[in-house]
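**Q** Sharing a structure here in structure tokens format.
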Amino acid sequence: MRHFISIADLDRDEAIAVLATAEHMAETQSRSIRKLPTLVGTTVVNLFFEDSTRTRISFEAAAKRLSADVINFSAKGSSISKGETLKDTALTLQAMGADAVVVRSGSSGAAHLLAHAGWIDQPIVNAGDGAHEHPTQAMLDAFTMRRHLRPGDPTAGLDGLHVVIVGDVLHSRVARSNVLLLTLLGARVTLVAPPALVPVGASAWPCEIRYDLDEALATGPDAVMMLRVQSERMVGGGFFPTAGEYSRRYGLTTARAASLPDHAIVMHPGPMNRGFEIAGDVADSPRSVIVEQVASGVFVRMAVLYHLLATDSREGPR
Amino acid sequence: MTADQNASPGGTGPSPLLIRGGRPYGEDVQDVLLEAGRITAIGTDLEVPADAEVVEADGCIVLPGLVDLHTHLREPGGEEAETIESGTRAAARGGFTAVHAMANTLPVADTAGVVEQVARRGETDGWCSVRPVGAVTVGLAGERLAELDAMANSRAKVRVFSDDGKCVHDPVLMRRALEYVKSFDGVIAQHAQDPRLTEGAQMHEGVVSAELGLAGWPAVAEESIIARDVLLAQHVGSRLHVCHLSTAGSVDIVRWAKERGIDVTAEVTPHHLLLTDETVREFDAVFKVNPPLRTAEDVQAVRDGLADGTIDIVATDHAPHPRDAKDREWDQAAMGMTGLETALSLVQLTMVDEGRLTWRDVARVLSEKPAEIGRDEDQGQVLEPGAPAHVLVWDPRSVRAADPAEHASRSRNSPFAGIELPGMNRLTVLEGRPTVRDGLVVEQ
Ligand SMILES: [Zn+2]
């Protein structure tokens, strides 16, 4: 693996290898000394053009637990000056001697461009690009599902599982990465959304698309993933009439959660709009793995950095 | 512009030029003699006048000089990207002897003063004839009509009016514009794009945009405006031109309108004849353009439309941009592609070599018809004795990879870099004087 840009670049074996490494990383984190010397002397840059404290902290923790140095570049603070382009920043990072760049941007394709435009030679990790992809989020979701629904086998995929992803698919990079990864790992995916929040052209995706949440839940899914409604991206308006109507039709209420099979888990990539797409009680219920997803994020990101940067990554982690 | 290298001794006019052994319109071999800025003879084995230069054109196609109805020369205001001088150099290299300079400059070409300035610059700096296009509305703002009559009756004699880059969206304003230009035989060239349906739009809306998470630019945003405009043109009995039509649905609507006798003409760009939205997958903004690259089915439909005459002309929408405007994230990059220097190669590749157009058709879609729509009396004339000596000699046998670094345009945003393109400009003649020989601009 040279970069980690898109789930579409992975084959099944590579995806499973990252998940297996993440399991090893999780094991090491239960030891008394959690810090591994793996990336001593390397510098990982977190380049965040879009604000996301949770994702940045997760990558920062992952890099630090592998003993890498971390530099945070963010557009919201002062480290990226006004009017400075992605290209300028990339040239700066190249000159500074960064060993890997984790990039988050509101622009679809930003990570791909950084990896392929010839401005910088280092490995690039996509921490979310516009509404395109968020591949480490999908990996952490798959990791979490595997632990609950296919425990014990580090070579297992998600074969035979049925995952329902609900909400603002149109603006969701999480949904796009998950459709690709979960199906790559053998799961069946159903997207549920109001029609205006399903992209025109999504019928070509390897998943089922439904407009009725209750019908989808009645099929007894193994996992239900609620997406955040991204009101700030809703250009043009009118995607649904009111928050109340959305909530009634597409919110994961207590009653809906109660209709799920006992073993089914509830997920959310965060940050949640409690009481809107998901009821607070459901988010806090025993079947919710939302907090665990956060922990999984660190393990998965450790694994990704390991595969991109560790010199012995071909032999697998110790 | 003057190419005095070619001046006759003691005279001010160009010396005679005999184009020998070429095939006018790709048909029978005939020599073409140019004297004093006119074609004076066409025939086999013409005698060489004593002081004439002879250009051997064996195997070459001889066409009337090409006319582009849709060029962004960027001057005034955008000289970092292009000037009238550099843009017309590019045009000459592409085989053009006339271009229509779009109005979205700074200041906007919305007054007689600005269009006269552009026309004057064309006369002093131009390597081809420059016909200014006037803005339809003041500042392209889409709110009130610019002084169209003043531009029409200025020295620039504007006949084509367009807010290109923006759509004249208000239906009442569009109706009034169509009505108003009737008095001086003008035409409204509409950039058909419903602004509400394309807020934030980044690429054609379909399978690829869904996958890439880029905001979609639906075909209906173009088609709904064209449908409205042809009905308006019919209602008020005016002349409408549709800029850079790009979808299968647009072709259907124009075909329908023509069947009903509505006075509408339409253009397609060279890039919409070849490229699709699949190119966006690499996020290289050189492929970002307005209207966006569409699907393979749309490419097929615009080729069909051009072949059957539904689409009247090919126009480049040459839109130069400085490197910084393209070296950016897709959603922050500028829209537009250069096209003057590759236009005829693209038409040869996609239409002639595919057996969809003859070279006589090429003369129609790239010279005669655009000149007629633009009311360029001196351009797009049939090659015959007495016609002005605007001539292109094109070698269709040459094949080479396009290299934007070689282009005369100031900008390098050609989407065809590295693509093997057929054809080569052996000679472009403007008013009897060569502007280009063997692909190179003839310096003064
Ligand atoms: Zn336009």
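**Q** Name every residue in the range A:123-154 that is within 21 Å of residue B:283 (Cα to Cα) and either within 14 Å of chain B (Cβ to nearest Cβ) or surrounded by fewer than 22 Cβ atoms within 10 Å (Cβ to Cβ) (or both), in order of residue number.
**A** First, pick out the residues of the range A:123-154 that are within 21 Å of residue B:283 (Cα to Cα): A:123-136.
Residues satisfying the conditions are A:124, A:126, A:128, A:129, A:130, A:131, A:132, A:133, A:134, A:135.
**Q** Taking the condition within 14 Å of another protein chain (Cβ to nearest Cβ) and either within 16 Å of the ligand (Cβ to nearest atom) or open to solvent by 10 Å² or more (accessible area, probe 1.4 Å) (or both), does residue B:204 pass? First the steps, then the outcome.
**A** Details: within 14 Å of another protein chain (Cβ to nearest Cβ): yes; either within 16 Å of the ligand (Cβ to nearest atom) or open to solvent by 10 Å² or more (accessible area, probe 1.4 Å) (or both): yes.
Here the answer is yes, as residue B:204 does meet what is asked.
**Q** Can I ask one more? Within the range B:264-289, track down each residue that is within 16 Å of the ligand (Cβ to nearest atom) and in contact with a His (Cβ under 8 Å, 6 or more places away or on another chain).
**A** Within the range B:264-289, B:265, B:266, B:267, B:268, B:269, B:272, B:289 meet the criteria.
**Q** Continuing with the same structure: Just checking, which of B:279, B:265, B:269, B:247 is touching a Lys or Arg at 6+ places or on another chain (Cβ under 6 Å) and in the same structural domain as residue B:312 (by TED's automatic domain parsing)? First the steps, then the outcome.
**A** On the way: B:279 fails: touching a Lys or Arg at 6+ places or on another chain (Cβ under 6 Å); B:265 fails: touching a Lys or Arg at 6+ places or on another chain (Cβ under 6 Å); B:269 fails: touching a Lys or Arg at 6+ places or on another chain (Cβ under 6 Å).
Going through B:279, B:265, B:269, B:247 in turn, the sole match is B:247.
**Q** Can you name every one of the strands (runs of 3 or more DSSP E) wholly within the range A:195-306 that holds 3 or more residues which are away from chain B (no Cβ under 14 Å)? Don't jump to the end; show me each part of the working.
**A** Details: elements: A:208-210, A:223-226, A:265-267.
Qualifying strands (runs of 3 or more DSSP E): A:223-226, A:265-267.
**Q** Restricting attention to strands (runs of 3 or more DSSP E) lying wholly within the range B:3-105, give those where 3 or more residues are under 30 Å from residue B:326 (Cβ atoms). Show your work before the answer.
**A** Values: elements: B:17-20, B:31-35, B:38-43, B:53-56, B:61-64, B:66-71, B:96-101.
Here the list reads B:66-71, B:96-101.
**Q** So, in the range B:310-335, exactly how many residues are within 12 Å of the ligand (Cβ to nearest atom) and surrounded by fewer than 24 Cβ atoms within 10 Å (Cβ to Cβ)? Steps first, answer last, please.
**A** Residues of the range B:310-335 within 12 Å of the ligand (Cβ to nearest atom): B:315-319, B:335.
Add one more test, that the residue is surrounded by fewer than 24 Cβ atoms within 10 Å (Cβ to Cβ), and what stays is B:335.
The qualifying residues number 1.
**Q** Residues being more than 16 Å from the ligand (Cβ to nearest atom) and open to solvent by less than 10 Å² (accessible area, probe 1.4 Å): count how many of those fall in the range B:300-309.
**A** Of the range B:300-309, the ones more than 16 Å from the ligand (Cβ to nearest atom) are B:300-301, B:303-309.
Next, from what is left, pick out any that are open to solvent by less than 10 Å² (accessible area, probe 1.4 Å): B:305-306.
Qualifying residue count, the range B:300-309: 2.
**Q** Spot the failing condition for residue B:386; the list is (1) in contact with a Gly (Cβ under 9 Å, 6 or more places away or on another chain); (2) within 30 Å of residue B:153 (Cβ to Cβ); (3) surrounded by fewer than 21 Cβ atoms within 10 Å (Cβ to Cβ), and only one is missed.
**A** Going through (1) in contact with a Gly (Cβ under 9 Å, 6 or more places away or on another chain); (2) within 30 Å of residue B:153 (Cβ to Cβ); (3) surrounded by fewer than 21 Cβ atoms within 10 Å (Cβ to Cβ) one by one, residue B:386 breaks only (1).
**Q** While we're here: Any residue at all in the range B:284-298 that is more than 21 Å from residue B:331 (Cα to Cα) and part of a loop (DSSP other than H, G, I, E, B)?
**A** Initially, the range B:284-298 is screened for residues more than 21 Å from residue B:331 (Cα to Cα), giving B:296-298.
Adding the requirement that they be part of a loop (DSSP other than H, G, I, E, B) leaves none.
Taking every residue of the range B:284-298 in turn, none turns out to be more than 21 Å from residue B:331 (Cα to Cα) and part of a loop (DSSP other than H, G, I, E, B).
**Q** May I ask you to list the residues in the range B:231-263 that are outside any helix (DSSP H, G or I), open to solvent by less than 10 Å² (accessible area, probe 1.4 Å) and more than 13 Å from the ligand (Cβ to nearest atom)? Don't jump to the end; show me each part of the working.
**A** First, pick out the residues of the range B:231-263 that are outside any helix (DSSP H, G or I): B:237-247, B:260-263.
When the remaining residues are screened for being open to solvent by less than 10 Å² (accessible area, probe 1.4 Å), the result is B:238, B:240-247.
Within the range B:231-263, B:238, B:240, B:247 meet the criteria.
**Q** Output yes when any residue across the range B:287-298 is in contact (Cβ under 8 Å) with a residue 60 or more places away in the chain and among the hydroxyl-bearing types (Ser, Thr, Tyr), and no when none is.
**A** Yes, there is a match, as at least one residue in the range B:287-298 is in contact (Cβ under 8 Å) with a residue 60 or more places away in the chain and among the hydroxyl-bearing types (Ser, Thr, Tyr).
**Q** Of everything in the range A:196-226, what is open to solvent by 20 Å² or more (accessible area, probe 1.4 Å) and either of a type in the set (A, V, I, L, M, F, W, C) or outside the structural domain of residue A:172 (by TED's automatic domain parsing) (or both)? Give them in sequence order. Don't jump to the end; show me each part of the working.
**A** Filtering the range A:196-226 for residues open to solvent by 20 Å² or more (accessible area, probe 1.4 Å) gives A:196, A:198, A:200, A:203-212, A:214-215, A:218-220, A:222.
If the condition is that a residue be open to solvent by 20 Å² or more (accessible area, probe 1.4 Å) and either of a type in the set (A, V, I, L, M, F, W, C) or outside the structural domain of residue A:172 (by TED's automatic domain parsing) (or both), then A:196, A:198, A:200, A:204, A:205, A:207, A:209, A:218 are the ones that fit.
**Q** Report yes if some residue within the range B:180-197 is over 26 Å from the mean Cα position of the chain (by Cα), within 14 Å of chain A (Cβ to nearest Cβ), open to solvent by 10 Å² or more (accessible area, probe 1.4 Å) and more than 14 Å from the ligand (Cβ to nearest atom); otherwise report no.
**A** Here is the first cut: in the range B:180-197, the residues over 26 Å from the mean Cα position of the chain (by Cα) are B:196-197.
Narrowing the set further to residues that are within 14 Å of chain A (Cβ to nearest Cβ) leaves B:196-197.
Right, trim to open to solvent by 10 Å² or more (accessible area, probe 1.4 Å) and you get B:196-197.
The next check asks that each one be more than 14 Å from the ligand (Cβ to nearest atom); those that pass are B:196-197.
Yes: the range B:180-197 contains one or more residues that are over 26 Å from the mean Cα position of the chain (by Cα), within 14 Å of chain A (Cβ to nearest Cβ), open to solvent by 10 Å² or more (accessible area, probe 1.4 Å) and more than 14 Å from the ligand (Cβ to nearest atom).
**Q** For the range A:67-148, which fully contained strands (runs of 3 or more DSSP E) count at least 3 residues that are free of Cβ contacts under 8 Å to residues at least 60 places away in the same chain and within 15 Å of residue A:46 (Cα to Cα)? Don't jump to the end; show me each part of the working.
**A** Working: elements: A:69-74, A:100-105, A:124-129.
Passing ranges, in order: A:69-74, A:100-105.
**Q** Tally time: how many residues in the range B:213-226 are crowded, with 19+ Cβ neighbours inside 10 Å and either within 18 Å of residue B:175 (Cα to Cα) or more than 14 Å from chain A (Cβ to nearest Cβ) (or both)?
**A** Residues flagged as crowded, with 19+ Cβ neighbours inside 10 Å and either within 18 Å of residue B:175 (Cα to Cα) or more than 14 Å from chain A (Cβ to nearest Cβ) (or both) within the range B:213-226 amount to 4.
**Q** Test of understanding: among B:156, B:91, B:112, which residue is away from the ligand (no atom under 16 Å from the Cβ) and over 19 Å from the mean Cα position of the chain (by Cα)?
**A** Details: B:156 fails: over 19 Å from the mean Cα position of the chain (by Cα); B:91 fails: over 19 Å from the mean Cα position of the chain (by Cα).
Exactly one residue qualifies, and that residue is B:112.
The values are calculated or read from the model by the stated rules, or taken from the named source; none is laboratory data. Just so it is clear, the structure is predicted and the values come from calculations on it, not from any experiment. As a convention, Cβ positions derive from the backbone with ideal geometry for all residues, glycine included, and neighbour counts pool all protein chains shown. The protein model used for the area step is the full one, side chains on, heavy atoms only, and it has no ligands, DNA or RNA in it. Shrake-Rupley method; radii C 1.70, N 1.55, O 1.52, S 1.80 Å.
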